[in-house]
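S.K.: Once you've had a glance at the structure underneath, I'll fire off some questions.
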Amino acid sequence: MIKSSRGKMKIICLAVAAALLLTAATGLGRSAKLTPIKIGAAGPYTGDVSKIGLDGLNAIRMAVDEANAAGGIGGRKIEIVEADDAADPSKAILVAEKLAMDRSVIGVIGPMNSATAQAALPTYQRAGLAVISQSATNPDLTEMGYTVMHRICPRDDAQGPASARFIIEVLKAKTVYIIDDKTTYGQGLSDQVEPALKAAGVRVLRGQISMEDRDFSPILTRVKSSAPDLVYLGLANPAQAASLIKQAAGLGLKPVFMGGDGLKEKDQLIDGAAGLAEGMYVTSIGRDIREVPEARNFIRKFESKYGALSVFGGQSYEAANILIDAARRAHSDPMKITRANVLAALGKTRGYKGILGFPISFDSKGDVVGASIFVYQVKGKEFVPVKEYPATVRAK
């Protein structure tokens, strides 16, 4: 009788142990199935504008690290596929093909430049891969029917007319010389400024340089002979703008300078111009993040880890968090998150409250709703806010 009881107890213990092992194995199996979710980060991480690109990448890394610390997406960790396009449209196509072929990539932050976005969008569209750019402003990007395209920055056809309005109403310039760099961004933004100035009776002259140029004496000689009240710089590279301003001063040319959002970079523009950018105006496709209370913690953490924050760092962090939020909303089962349902969830983003100082929503084209254009002036070592205009564009 005792032997029989002991035998039964042994059988029961073995059964319990087997059940526990089975449960553990099942848990391990489920854990193994929770493969990482990947997001692409496409931007200029080498080349002339790599400072801006790398700061944007670091902001994306910060957003992903924070999301993973909070459990990732339904328990699935997030990985970044870093894709350097060097601000080169031909490389941007290769980057897009690389990200499109990796089926575990469910969305892309970037491209950062209008030219690279324009080149890469057909590939992203064919792959059904959601794109959210932090800084690509050319209007055509959301006018060509690409359903994957989204951006959290206002378009050039909002920024350009706002710039012209400031030049006309505040600066009261009568003659303006526009210099662009032939890029999709620089030339495209200048193409929006020029007609708005002409419509108000401002005399407009125009010339071009290339992004590779380092000697600006030919065009500056022409600028000097025209004696403009203001020189508008439609340039993508703030370091190049600083060099042009220094060379202009060397020729005795000291007009008022103004430029677009791509130039609002303290280290490369203000420091690079060695004090000669004093009084210059730049527009910004959003409020300076240092003026936004909700961004203080982000700035503190970012600068303690990576150093001074660049112009699009805050937008990059915001774009990454919006994409992660869309992935979390895409499906209740984390194993059923796909490119298609992430794209659908991203398009339905309404009133996302992050660190930019206004709630982010997208319209039917993928353009941001509710943003503003800000004008800043260089004073000493800082960009000081001067004016705000609603980011409105004419219906097309």
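The values are calculated or read from the model by the stated rules, or taken from the named source; none is laboratory data. For clarity, every value in this text was computed on a predicted model and none was experimentally measured. Here the Cβ is made from the backbone with ideal geometry for all residues, glycine too, and neighbour counts use every protein chain on show.
S.K.: Quick check on A130: is it surrounded by 24 or more Cβ atoms within 10 Å (Cβ to Cβ), touching a Gly at 6+ places or on another chain (Cβ under 9 Å) and of a type in the set (A, V, I, L, M, F, W, C)?
M.R.: Here the answer is yes, as A130 does meet what is asked.
S.K.: Sticking with this one: What is the one condition in (1) touching a Ser or Thr at 6+ places or on another chain (Cβ under 7 Å); (2) over 21 Å from R290 (Cα atoms) that D363 does not satisfy?
M.R.: Every condition holds for D363 apart from (1).
Residue by residue, here is whether (1) at pLDDT 95 or above; (2) hydroxyl-bearing (S, T, Y); (3) more than 25 Å from N138 (Cα to Cα) holds:
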{"residue": "Y232", "(1), (2), (3)": "yes, yes, no"}
{"residue": "Q240", "(1), (2), (3)": "yes, no, no"}
{"residue": "A249", "(1), (2), (3)": "yes, no, yes"}
{"residue": "L263", "(1), (2), (3)": "yes, no, no"}
{"residue": "K266", "(1), (2), (3)": "no, no, no"}
{"residue": "E278", "(1), (2), (3)": "yes, no, yes"}
{"residue": "I285", "(1), (2), (3)": "no, no, no"}
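S.K.: To continue, here is another question. Can you say whether Y317 is at pLDDT below 95, within 18 Å of the chain's Cα centre (by Cα) and more than 21 Å from P390 (Cα to Cα), as far as the supplied structure shows?
M.R.: Answer is no for this residue.
S.K.: Here is a further query. Quick check: is even one residue across segment 296-318 among the β-branched types (V, I, T), surrounded by 24 or more Cβ atoms within 10 Å (Cβ to Cβ), touching a helix residue (DSSP H, G or I) at 6+ places or on another chain (Cβ under 8 Å) and within 26 Å of A158 (Cβ to Cβ)?
M.R.: Looking through segment 296-318, at least one residue is among the β-branched types (V, I, T), surrounded by 24 or more Cβ atoms within 10 Å (Cβ to Cβ), touching a helix residue (DSSP H, G or I) at 6+ places or on another chain (Cβ under 8 Å) and within 26 Å of A158 (Cβ to Cβ).
S.K.: Further question: Restricting to segment 53-92, count the residues that are closer than 15 Å to Y306 by Cα and out of contact with any helix residue (DSSP H, G or I) (no Cβ under 8 Å at 6 or more places or on another chain).
M.R.: The qualifying residues number 4.
S.K.: Of all residues in segment 250-284, how many are part of a loop (DSSP other than H, G, I, E, B), under 24 Å from the mean Cα position of the chain (by Cα) and under 17 Å from K381 (Cα atoms)?
M.R.: Qualifying residue count for the region: 4.
S.K.: Given (1) over 19 Å from K264 (Cβ atoms); (2) touching a strand residue (DSSP E or B) at 6+ places or on another chain (Cβ under 9 Å); (3) aliphatic (A, V, I, L, M), where does A200 come up short, assuming only one miss?
M.R.: Evaluating A200 over (1) over 19 Å from K264 (Cβ atoms); (2) touching a strand residue (DSSP E or B) at 6+ places or on another chain (Cβ under 9 Å); (3) aliphatic (A, V, I, L, M) leaves (2) as the failure.
S.K.: Checking the condition free of Cβ contacts under 8 Å to residues at least 24 places away in the same chain, charged (D, E, K, R) and closer than 27 Å to D48 by Cα, which residue from E212, E169 passes?
M.R.: Residue meeting the stated conditions: E212.
S.K.: Same structure, new question: Those residues that are touching a residue at least 40 places away in the same chain (Cβ under 8 Å), assigned to a strand (DSSP E or B) and not small (G, A, S), I need them from segment 335-373; list them, please.
M.R.: I360, F362, V368, I373
S.K.: Take the residues of segment 346-380 that are of a type in the set (A, V, I, L, M), touching a strand residue (DSSP E or B) at 6+ places or on another chain (Cβ under 8 Å) and closer than 15 Å to D157 by Cα: which is surrounded by the fewest Cβ atoms within 10 Å (Cβ to Cβ)?
M.R.: Out of the qualifying residues, it is V369.
S.K.: Limited to segment 285-297, what total is found for residues that are more than 15 Å from L309 (Cα to Cα) and assigned to a helix (DSSP H, G or I)?
M.R.: Residues meeting the conditions: 2.
S.K.: Scan segment 118-155 residue by residue and report those that are farther than 17 Å from T349 by Cα, assigned to a loop (DSSP other than H, G, I, E, B) and among the polar types (S, T, N, Q).
M.R.: S135, T137, N138
S.K.: Within 13 Å of I132 (Cα to Cα), free of Cβ contacts under 8 Å to residues at least 24 places away in the same chain, outside the structural domain of P238 (by TED's automatic domain parsing) and in contact with a Gly (Cβ under 8 Å, 6 or more places away or on another chain): does that describe S316?
M.R.: no
S.K.: Additional query: Take F383 and decide whether it is surrounded by 19 or more Cβ atoms within 10 Å (Cβ to Cβ) and out of contact with any strand residue (DSSP E or B) (no Cβ under 8 Å at 6 or more places or on another chain).
M.R.: In short, no.
S.K.: So how many residues does segment 374-396 have that are assigned to a strand (DSSP E or B) and either touching a Lys or Arg at 6+ places or on another chain (Cβ under 9 Å) or modelled with pLDDT of 95 or more (or both)?
M.R.: So the answer is 14.
S.K.: What pairs come out if I take residues in segment 78-103 that are on the phi > 0 side of the Ramachandran plot and pair them with residues that are aliphatic (A, V, I, L, M) whose C-beta lies under 6 Å away, six or more apart or interchain?
M.R.: Short answer, once both residue conditions are applied: A87/V49.
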